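The values are calculated or read from the model by the stated rules, or taken from the named source; none is laboratory data. Remember, predicted model here, so these are calculated numbers, not experimental data. As a convention, Cβ positions derive from the backbone with ideal geometry for all residues, glycine included, and neighbour counts pool all protein chains shown. Calculation scope for accessible area: heavy atoms of the full protein, side chains included, ligands and nucleic acids excluded. Shrake-Rupley method; radii C 1.70, N 1.55, O 1.52, S 1.80 Å.
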Amino acid sequence: MLCRPLPPAVQPLPSQPQALFNRAALPSASSRGYRQCGTARSHNTFTLQCIPSRPNGVVAARSGPAVQALQPDSGAEAQVVKLKLADSENVTSSSRLSVEDGEILQPDPDDVVPEAGFLSDEALRNLDEYRRVEATSAVVSSSSAHTTNGFAYSPAQRNQIRESWVALMRWSKVFRTKRLAGSPLEAAKKVVVFGGGSFGTAMGCALARQKADLEVVLLVRDPYLCKDINTLHENTRYLKGFKMPANVRATTLAAEAISGAQYALHAVPVQSSRAFLQGIKEHLPAHVPIICVSKGLEVGSSQMMSELIPSALGRKQPAVFLSGPSFAREVMQNRPTGVVAASKDAKLARTAQALFASPTMRVNTTADVVGVEICGALKNVLAIAAGIVEGMDLGHNALAALVAQGVSEIRWLSAKMGAKPTTMSGLSGLGDIMLTCYGDLSRNRSVGIRLGRGERLEDILASSSQVAEGVATAGVVVGLARKYRVSLPVLTAVAQVLD
């Protein structure tokens with residue numbers, strides 16, 4: 001039985017002072033044949049609405065021990081039913097009145113109404129008692145839509161929505177279990193961050209917020225930046241205005257930074273990663289996992305970071321690769337973010353997930369390292385192309401067409417390189433592409449916008465303090481297109497523009 005308040009324009013009958021009926025005495029939504037209920041009462045008159053799901057359905061209302069029932073007219077679509085009680089047990093008379101909108105509940109505006117559409121806990125506790133009521137109410141069928149505020153959902157659809165929401169909220173189990181003894185976060189005492197750029201700083205701060213006694217050390221080159229981080233607790237060069245947690249500090253000494261660290265977060269730009277890793281490999285134990293957040297392809301070798309790391313270190317090193325739509329400034333602001341942890345080692349991927357997962361950061365896992373890395377590298381090139389279209393003011397239609405073509409090209413190349421097609425539709429694929437191509441904070445998109453407005457590439461790069469990885473990666477794409485014999489007109493055109 002589904003009842004809703006009348007619109008404000010409809011006034012209660014003047015001869016019938018209104019009072020709310022006890023909703024706890026009505027059948028619950030989970031009882032067979034019943035729906036969410038409500039009713040209005042004036043003395044012994046109860047006003048109910050019914051929309052029978054089948055002809056000759058029986059409508060029932062319950063007040064204390066009394067059960068009142070009537071047989072609606074066959075084929076009726078909506079009725080207002082007034083039940084007059086001579087005493088607490090018997091129904092003495094009834095009348096029917098057709099309505100157009102089916103809204104018949106008439107509460108007094110001064111009454112405090114429980115949350116619309118929900119019964120009290122007492123009603124749920126009395127579920128078994130309601131099931132003993134022999135009159136079966138089928139007031140809203142599973143195929144009939146219930147309209148509220150312009151939206152129409154059948155009861156079956158509403159149940160599906162609730163079930164989907166419950167399934168989504170199962171993610172919260174990660175938060176309830178991550179601090180158990182022996183979990184990666186609980187066991188971690190120190191994490192070193194390679195690089196003091198914006199994203200390395202942001203992800204380091206995200207880790208520091210997870211655990212107050214976790215030591216997070218940024219290994220930086222610039223002694224002045226190091227001093228600012230340690231004294232002002234702020235990355236004054238890349239994230240000015242954002243205060244860093246007290247358990248984050250910086251150093252320029254590799255041995256000091258790495259000593260005792262359980263994890264290493266690699267955030268050095270791809271084109272500088274080989275030289276950096278070769279310089280610190282004697283200090284980095286072979287068993288320390290590298291969590292790599294750098295995206296791109298190395299110029300010359302065309303290697304991804306998953307290939308570059310063991311090549312530079314001269315040995316196998318456990319590594320997991322984080323990628324996804326994640327601007328550093330929004331991570332620092334603790335805004336909701338979703339990323340993917342990719343590793344051939346499923347346990348290591350889950351470890352990275354446990355370290356970073358929080359109420360504002362969701363971390364998925366995958367074994368498709370190639371797909372995650374290729375999408376993360378080529379989306380920067382596509383973002384430059386998208387920026388050029390915007391800088392030339394070619395319009396939204398042209399931008400959408402170009403991005404769609406670029407997405408297809410990334411999918412073609414990644415598939416040729418062995419990536420899974422499903423990765424393209426995930427956070428590290430479409431998610432990162434949408435953010436980088438349309439987000440105002442995208443460095444690569446900003447380069448493209450300035451190019452489209454006629455600025456020289458040399459001037460653009462000289463005026464920026466941060467690295468736009470797409471500029472270097474664009475030239476590598478041309479070689480990959482030839483190697484794998486894939487037509488990439490949009491992505492290779494960016495290299496021609498930059499040349």
_Going through K420, K416 one at a time, which residue ends up being over 19 Å from F321 (Cβ atoms) and of a type in the set (K, R)?_
K416
*Please specify each residue of the stretch 342-368 satisfying the condition of being part of a strand (DSSP E or B) and either free of Cβ contacts under 8 Å to residues at least 24 places away in the same chain or closer than 15 Å to K420 by Cα (or both).*
A342, T365, T366
_Please count how many residues of the stretch 464-478 are more than 17 Å from E373 (Cα to Cα) and touching a residue at least 60 places away in the same chain (Cβ under 8 Å)._
3
_If R179 satisfies all but one of (1) open to solvent by 70 Å² or more (accessible area, probe 1.4 Å); (2) at pLDDT 70 or above, what's the number of the condition it fails?_
(2)
*asked:* Whether any residue in the stretch 295-309 is at pLDDT 95 or above, part of a helix (DSSP H, G or I) and closer than 24 Å to Y438 by Cα is what I want to check.
replied: no
_Looking at the stretch 451-474, can you tell me whether even one residue there is surrounded by 15 or more Cβ atoms within 10 Å (Cβ to Cβ), touching a Cys at 6+ places or on another chain (Cβ under 9 Å) and either more than 24 Å from S294 (Cβ to Cβ) or among the basic types (K, R) (or both)?_
no
*Taking the stretch 445-467, which residues are in a helix (DSSP H, G or I) and over 30 Å from the mean Cα position of the chain (by Cα)?*
R450, L451, G452, L457, E458, D459, I460, L461, A462
*asked:* So the check is Cβ under 8 Å with 6+ separation or different chains; which pairs have a first residue in the stretch 445-456 that's farther than 17 Å from K379 by Cα and a second one that's part of a helix (DSSP H, G or I) and of a type in the set (D, E, K, R)?
replied: G452/E390
*In the stretch 277-294, is there at least one residue being free of Cβ contacts under 8 Å to residues at least 12 places away in the same chain and small (G, A, S)?*
no
